[in-house]
Amino acid sequence: MDGIAAYQVPELIEVASCNVYKGGFQLLTELIEWADIIHYHYHYHYHYHYHYHYHYPGHSKTFYTSCWLRGLEKTIVTYHSDIIRQQTLLKLYRPMKLAFLGDVDVIVATSPAYLDSGPLSQKYQPKVEVIPLGLSKGTLPDRPDKEVVDLWREKLGEGFFFFSGVLRYYKGLDVQIRAAVLSGLKVVIAGAGFEWDKLQQQKELLGAENVHLLGRITDDDKSALISLSRAMVLPSYVRSEAFGVSLLEGMFYSKPLITAELDTGVNYVNEDRVTDMKVDAQSSRGLAHAMLELDGDPELAHNMGQAARRRYENFLPGGRSVKTTLSYIND
C-alpha cells in the first residue's frame, strides 16, 4: 500500500482485549531480521496485531508492531493510552509494563495533556517526546461527495449532532442519548462495537426517536455526515479516550465540537468556547444545554467551526506528526 508492505495472521483467541494469533511469532522473527527499527504501539504491545514495514529512500527500514521483543538496538513506542478498565490484570502486568517502558529508546506521547496527567511525566520524562496525532493527507476529501451528501440529507436532514467512532463503554453514548431526549434535538451515532445492543435498548426504552444509530459506515458516508452536522460530539468520560481523532475530522470540516472535560489529549485538541463547548463528564443535562446553545445560535456555531479549522491547520495536520516521528526514528 503506497510502498508499505502489510502482513496479517489469523486470530486464535482474544483475552482482555488482547489478541493471540496463529504464526505470529514466526512472522515477527522474520521481520525483525529485516528491520533496523522497531516501532511499538502501547498499550497493546504484549500481543501482536497488524505488522507492516516501509523503506523510503533516506530513511531506515522500520517495522511497526505491538509485541514486545527485547534486546533490539533501536526501539520507539507510541504511548496511546493508559490501561484503565483491566485493573486486576494490570497488577500482574505492571512489572512487564515498567520493564518495557524502561527498555525502549524513545517514548512518544500524543499530547502534552496526557503526558502531564499520567505516569510518563514522572519516571520516563528524559526520553519522552510529545508528537500530536493528526490526519494524513488524503484521509478525508476536501469536499465530500455531493451524491452521498444529498443521499444522507434526504434521509436525516442536516443540523444534527454527530458522533463517529467505535461504540465502547467509555464513549459516554448513553449520556448522549439522554441528552437527545432532554434537548429534543436530532442525534446521529455512527459506528459499531460492543455497546450496540445496550444503546439500542436504551433508545427504545426512552422512546428516543430523534436518535439514529447507523452502525458501521463508509468513509464517504462519514465525510458527508460531518458536513451535514451542526457539531461533532465526543462525550467520552474516561482516560481511555486519550486524544479523540474524530475531533480532528470535525475540525477538518469546520465543525464546532462538544466534549466532556478530560485531563487528556481531548483538552489539547480543542479550546473551550473557542473551538468547542466543554461539559461536565457524564452530565446529560450539561450536554443537552451545549447542544441547545449551538443549535439556537448558528453564528456561534459557525465561528467556532472556523476557529476549529484554523486550529487544525496551525497545530494538528497529519504531515507534521509523521515527519516528527520519522525524525526521531532516524536520528
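Candidate cross-link partners of Lys123 among the aspartates and glutamates, defined by an alpha-carbon separation under 16 Å and a same-chain spacing of 8 or more, comprise Asp82, Asp103, Asp105.
For region 197-260, carbon and sulfur atoms together expose 44% of the accessible surface, with a 1.4 angstrom probe and every protein chain in place. The lysines within cross-link reach of Lys255, meaning a Cα-to-Cα straight distance under 29 Å and a gap of 8 or more places when in the same chain, are Lys137, Lys146, Lys155, Lys171, Lys186, Lys198, Lys203, Lys222, Lys278, Lys323. Taking chymotrypsin sites (Phe, Trp or Tyr not before Pro) across region 190-285, the ones in a DSSP loop with at most 14 further Cβ atoms lying within 10 angstrom of their Cβ are Phe194.
The values are calculated or read from the model by the stated rules, or taken from the named source; none is laboratory data. Fair warning: this is a prediction, and the values are worked out from it, not measured in the lab. Note that we place each Cβ from the backbone using ideal geometry, even for glycine, and neighbour counts take in every protein chain shown. Accessible surface is based on the protein model in full, side chains and every heavy atom, while ligands, DNA and RNA are left aside. Shrake-Rupley method; radii C 1.70, N 1.55, O 1.52, S 1.80 Å.
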